[in-house]
1. Order of 27-36, 83-92, 47-56 by packing, highest average Cβ count within 10 Å first?
2. Per residue, what accessible area does the range 48-87 have, given a 1.4 Å probe and all protein chains present, in Å²?
3. Determine the order of Glu68, Glu77 by accessible area, beginning with the largest, at a probe radius of 1.4 Å.
Amino acid sequence: MMSDPSPLPLLPVVPSRLCFGPFCFDRANGFLVCEGREVALPPRSLATLGVLLDRAGNLVTKRALIDEVWKGAFVSEAVVAEAISLVRHALGDDAAAPTYIQTLHRRGYRFIAPVAAAPPKRIPALEQLAPAGPPPRSLSGGTTLMVALACLGFAWWLRSEGRPSPRRA
């Protein structure tokens, strides 16, 4: 008699898009949007923001940021401070009077603004996904012909170079 297999542990569902103020952070695609425009941030700064958003309202230590964003690599706390500074600048936040990121002196940071999971994007209709015309070609016909002729010429040259020269008696 077979017993029921043990159930797999359930993993927490992390929303792909988190919104706060006029911003939306899209974790799956790795970008931050403000009122429909992408906000430029380096990848590590985006990852730093992601960790803070995941733990909104809670202290995130500098060590935790290093472990999660830099995966335990040897980096100083100054690198974390620089990433936080870039995020603050992108959000228009002020460390002295924070709206989004609060510094907890010598301990870490806390995301203090309300955060909400964004509803999933609608999937476009299939006809919207179909290409409008023929697929783009990577090489033009003339370029393809030139490459083919060059390959034939090279093969002919290799063949003629590989023949033994006639010996004289």
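The values are calculated or read from the model by the stated rules, or taken from the named source; none is laboratory data. Only a predicted model underlies this, so the values are computations on that prediction, with no experimental measurement involved. Because the Cβ atoms are built from the backbone with ideal geometry, glycine has one as well, and the counts that use them run over all protein chains shown. Note: areas computed on protein heavy atoms with side chains; ligands, DNA, RNA excluded. Shrake-Rupley method; radii C 1.70, N 1.55, O 1.52, S 1.80 Å.
1. On the way: 27-36: 12.9, 83-92: 18.6, 47-56: 20.5.
Final packing ranking: 47-56, 83-92, 27-36.
2. Accessible area per residue: 48 Å².
3. Order by accessible area, largest first: Glu77, Glu68.
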